[in-house]
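Worksheet: the structure to be examined is printed underneath.
The values are calculated or read from the model by the stated rules, or taken from the named source; none is laboratory data. The structure displayed is predicted, hence computed values, not measured ones. Methodologically, a virtual Cβ is constructed for each residue, glycine included, from the backbone with ideal geometry; neighbour enumeration extends over all protein chains shown.
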Amino acid sequence: MKENSNLELDDGAKIAVLGGGPAGSFFSIFALKLAKQIGKDIDLTIYESKDFSHDGPSSCNMCAGVISESLVQMLAIEGICLKPPIVQRAIDTYCFQTTGGDVFLNSPSKQKGIATVYRGGGPVNQTASEAGTGHEFEKKSFDDFLLDCAEKEGAKVENTRIEDIKLENGRPIIFSKKGRMPDPDLVVGACGINAKIINSFEKLGTGYTPPSTIKAYQSEIHIGEQNVSTLFGNAVYVFLINQPGVKFAAITPKGSYVTISMLGKDISRQTVMDFLKHPEVKNRFPDAWNIPDAFCRCVPKINVGAAKHPFADRIVMIGDASSARLYKDGIGSAYLTAKAAANTAILYGVGGSDFRKYYYPSCRKINRDNIFGKIMFAFTGTINRTPILREALLNASRYEQKHPKSGYRCSTILWDTFTGNEQYTDIFLRAFNYKLLLRILVNIFNAIFIRFKKVWRE
């Protein structure tokens, strides 16, 4: 399809943002702020069918809800400050739990910079005691908070699901169950990859193809605020226990709940139950605690690839529907793509060639970085399956935590990989430091020696 480069938003232009999650809210905030700065009047409407203030998966964007240190700082610079009750817990530690012990890594910045949040109003199946009004049960959706910020900037929010999008004389037109909605001058696809509307974008004939995905399994388990504080504190627990079919498993503390996040092939409720019964996991929970019969859970698709041609004349896809960082910091990717799309639309134009020139480089940067992310996660997967390598890596990290003067080369690589705090490219290059490789090699020889020593004694 031929792309235009002379399509600009005039005063009074209408922008339809399909999706009120972080990507849609970020785009709206940045576009409206920038338009005001240059004296341009735009009419922006966010179409979102969910009410993020309600409990349960139907009102939630189904995510682990971990916001990286770097994004927390970038949002603060934008004037978007995250505080309780939006932030359920400030994280300053990651614990890597294995069958052979654990290692605690503290934030290199020595700050509680990572924020855990709820993407909706909170979990369903709350206990009767949670009907109180104390601090323990006070919650506010992160997505609802961002949507409020967008409204304050001048965005209109319509509680409507857009069911279809078509092209008419080269211009996008959108439909809800009520029928045809006001014709937009620009449609922003901030719908994510779990919404049905994404199929309509694919059928437009613009060349758009959604990114490849895998399924994640998110579970919210109530254990009480005191137990969360005592047993998990301000730490995210990553479990390297080599459970069959599981690529990744972590427990994130939030208020009176913990969020269990799992990635893998064909993960089911039974997989979660088996995980909770594993000795290394069970030991993290209160004594005599039993797995509840019912708990809040969802199985969302997550982006593990890159969309093809996420733009056309008067159409741009952002966030998960376009490009997202592999496994980590999806909200950070929403921020980056939304800001690039907003800058392009307001300052340059809404033609396909405008988005190709000024927006798409941000997507390519994320996509290229994910190549190194795949290498890093393949490496960590190999380590997880190989006891000697796993032991060597964790011992090297333990040594660094006890001897700060030696440097945190191994620790910071693990921290940045699993928190999404830095680009994978940077992490990959740092991994080839000769002092780090030597430290790991020494620990591999030590692990082998200890095993031979045990065999010899036997």
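A few notes on this one:
- SER411 being farther than 29 Å from VAL66 by Cα and hydroxyl-bearing (Ser, Thr, Tyr): no
- Selection status of ARG297, charged (D, E, K, R) and assigned to a strand (DSSP E or B): yes
- Options GLU163, GLU153, GLU158; residue that is closer than 30 Å to ILE80 by Cβ and either aromatic (Phe, Trp, Tyr) or in contact with a Phe, Trp or Tyr (Cβ under 6 Å, 6 or more places away or on another chain) (or both): GLU158
- Filter pass, VAL316 being in a strand (DSSP E or B), farther than 30 Å from VAL103 by Cα and touching a residue at least 12 places away in the same chain (Cβ under 8 Å): yes
- Residues within the stretch 192-219 that are of a type in the set (Gly, Ala, Ser) and over 20 Å from the mean Cα position of the chain (by Cα), tallied: 3
- Of the residues GLY121, GLY65, GLY113, the single one that is under 15 Å from VAL236 (Cβ atoms), in contact (Cβ under 8 Å) with a residue 12 or more places away in the chain, of a type outside the set (S, T, N, Q) and touching a Lys or Arg at 6+ places or on another chain (Cβ under 8 Å) is GLY65.
- Test result for ASP274, assigned to a helix (DSSP H, G or I) and surrounded by fewer than 17 Cβ atoms within 10 Å (Cβ to Cβ): yes
- Any hit, the stretch 173-186, residues being buried (at least 17 other Cβ atoms within 10 Å of the Cβ) and of a type in the set (D, E, K, R): yes
- Of the residues examined, TYR424 is not one that is in contact with a Pro (Cβ under 9 Å, 6 or more places away or on another chain), under 28 Å from ALA342 (Cα atoms) and of a type in the set (Ser, Thr, Tyr).
- Some residue of the stretch 263-285 being more than 19 Å from ALA216 (Cβ to Cβ) and of a type in the set (Ser, Thr, Tyr): no
- Residues (more than 24 Å from GLY19 (Cα to Cα) and either assigned to a loop (DSSP other than H, G, I, E, B) or of a type in the set (Asp, Glu) (or both)) located in the stretch 89-121: ASP92, THR99, GLY100, ASP102, SER107, PRO108, SER109, LYS110, GLN111, LYS112, GLY113
- Residue ranges of strands (runs of 3 or more DSSP E) in the stretch 165-246 with at least 1 members in contact (Cβ under 8 Å) with a residue 12 or more places away in the chain and among the polar types (S, T, N, Q): 171-176, 213-222
- Subset tally (residues that are surrounded by fewer than 19 Cβ atoms within 10 Å (Cβ to Cβ) and not hydroxyl-bearing (Ser, Thr, Tyr)) for the stretch 58-73: 1
- For the stretch 189-206, filtered to residues that are closer than 15 Å to THR160 by Cβ and of a type in the set (A, V, I, L, M, F, W, C), the residue that is modelled with the lowest pLDDT is ALA195.
- Taken together, ASP320, ASP354 contain a single residue that is at pLDDT 95 or above and in contact with a Gly (Cβ under 8 Å, 6 or more places away or on another chain), which is ASP320.
- 1 or more residues acidic (Asp, Glu): qualifying helices (runs of 4 or more DSSP H) within the stretch 359-458: 360-385, 387-402, 409-419, 424-430
- Residue check for ILE46: in a strand (DSSP E or B) and closer than 21 Å to GLY330 by Cα: yes
- Sole residue being surrounded by fewer than 23 Cβ atoms within 10 Å (Cβ to Cβ), in contact with a Gly (Cβ under 6 Å, 6 or more places away or on another chain), farther than 26 Å from ALA16 by Cβ and β-branched (Val, Ile, Thr), chosen from VAL281, VAL246: VAL246
- On inspection, LYS374 fails the criterion of being within 28 Å of the chain's Cα centre (by Cα) and under 30 Å from ASN6 (Cβ atoms).
- Candidate set: the stretch 9-42, residues that are under 24 Å from the mean Cα position of the chain (by Cα) and polar (S, T, N, Q); chosen: the one farthest from ASP148 (Cα to Cα): SER28
- Boolean, LYS339 is of a type in the set (D, E, K, R) and either part of a helix (DSSP H, G or I) or not assigned by TED's automatic domain parsing to the domain that holds LYS36 (or both): yes
- Which numbered condition GLY407 fails, given (1) within 20 Å of VAL238 (Cα to Cα); (2) of a type in the set (Gly, Ala, Ser); (3) exposed (fewer than 15 other Cβ atoms within 10 Å of the Cβ); (4) touching a Lys or Arg at 6+ places or on another chain (Cβ under 8 Å): (1)
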